[in-house]
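Only the coordinates and a few stated rules stand behind these numbers; no lab work does. What you see is a predicted model, and the numbers here were worked out from it, not measured in a lab. In this analysis, Cβ positions are derived from the backbone assuming ideal geometry, glycine residues included, and neighbour counts consider all displayed protein chains.
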Amino acid sequence: MLAVQLRELVGAPEAVDEALDLVAGFDGSLTGGLGRMGDRQAAALSAFAGALAGSPLGGPVGEAAGKVVAGSIGDDRLATLAGGRAALLGAVHDALLERLDGALGRSRSPWEDRAGEPGAVTPENLLAGARSWLHELAIAGWRGVDHDLVSAAGRTIEGLWGEPASRRLAVLLDGLASELRASCPVATMERVPERRWADLWTRAVLLARAGSWTGDAEPVSGRLLVLGVDVHEHGTAVQVQVHGVLEPADGGEARLVRAGVAAAKVDTIVGPAVWRLLNAYPVLLAALAERRVLDVTDMPLTAGGDLLWREDAARAGEPADPFTTARVRLGGATAPSVPPLDRHPVRIAEPVLLEGYRYADGAVSLDGTSLEIDAGRLPACGPITPALVKASTACIGLVRWDGGRWLLQPLALQATVRKKPVEAHTGDWALGPTDPKVVKAEARAGDAVAVLRERAGRLLRK
């Protein structure tokens, strides 16, 4: 059955490539700088605006594009263009996700725009500072970025870090500034990561208009059955995102959910050491390492399927095998709707179970249908290795769209190694590595987290 479903993923929906080409034209304009608009950039921006002409954004985006081409670049016009870019990529996201849901036979909740309680508000001066820096980036273009321009964001980013409501924007700007700083002077780079930096710029511009964009959340109680763990690691931050099935305590339908926790880091902390940055979440880490159910009580759940993790609202329950959960509960669980700001092809990460496949040439194959392995996403903080992927016959993973093709990111594997069954999950090392070789290597290298914390404490005492 699953092999037949996988065949439906071959290729992209109609017009996806054309839409992405228009986005690429916009991104090329950002690379050269909107303050130095040439004929080629102007044509790309006009074509981009023309693609939205039949939508509610058509008029505003067309006007903003015309003004920018004429040299009038204001914050409102940049926000309008960023909104148009997000809308175009959102349409691509919707087309891809609809095909994936059809291939998996997965039902999804419709999006409901619920008005929530007013939350914490980011000070306007910080949002204005963020918009000002993003405005300067757009005018200069990526090729015009130097150390002085990157450093200009320092005070704003520091202020945003101090405001809980602005953490998403703080992490985003901090990460973008870090990448730009490492690439300076960008003018000398052979190839600029246009799509990535334009994605970060677009999201930051939209976040800087309204602050948190967190939306409404409802309290839920029940059993969280973990499927797998996805680790997002950057030089300045790490996030652990748990994918699971929530069985509501009221007996309602099972729901696919995510639960994420994050911490700031430095680029010298890598591998299994990143788990120690998350020691503020002992209940979650213990449940991952010991493969246990998590019983949650009145845990906030957003309309987009994200549990806003609170340690005091969770406790580890009995052992639960993720593969059993996937076989029994994954197929019937309802997927969450996708918030408007998150509608982007790169955001697609749908949990699946594959069994009985064969591995060859970097892909798993079922009944003649192949799905390429996303080897670049195998985290160094867990036991899953390329060699284990090659030996595996069952996988819980995330299906993603990247570079014009569908990919499979393994989160858990069952394999046969030296004629013995082996099972590995990314979260197995949440309380520390269990591989003796890795333990010895860590002992020789020393505890980078402890050293940095001790040095930070010494500085604070002075």
Taking a label point 7 Å from the Cα of Ala47 along Cα-to-Cβ, the residues of region 391-418 whose backbone nitrogen sits under 14 Å from it are none
Most exposed to least, judged by fewest other Cβ atoms within 10 Å, Ile348, Ile396 sort to Ile348, Ile396
With Cα coordinates, the longest principal axis of the chain makes an angle with the long axis of helix 194-210, in degrees rounded to 10, of 80 degrees
As straight-line cross-link partners of Lys420, the qualifying lysines (C-alpha separation under 22 Å, not fewer than 8 residues apart within one chain) are Lys390, Lys437
Packing-ranked peptide list from 271-283, 165-177, 246-258, highest mean Cβ count within 10 angstrom first, is 165-177, 271-283, 246-258
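With each run of n ≥ 4 DSSP H residues scored as -39500 (n - 2.57), what mean residue ellipticity at 222 nm is computed for the chain after dividing by its residue count and rounding to the nearest 500 deg cm²/dmol?
Using -39500 (n - 2.57) per qualifying helix, the result is -12500 deg cm²/dmol.
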The residues Leu407, Leu224, sorted from fewest to most surrounding Cβ atoms within 10 Å, come out as Leu407, Leu224
For Glu233, Glu98, ascending order of other Cβ atoms within 10 Å (fewest first) is Glu98, Glu233
Share (percent) of C-alpha pair distances in the chain greater than 42 Å works out to 18 percent
Averaged over all viewing directions, the convex hull of the alpha carbons in region 1-109 casts a projected area in nm² of 8.1 nm²
In cubic angstrom per residue, the convex hull of region 217-330 built on its Cα atoms measures 100 Å³
Across 5 Å bins beginning at 0, the whole-percent shares of Cα-Cα pair distances in region 7-59 come to 4, 20, 21, 20, 15, 9, 6, 3, 1, 0
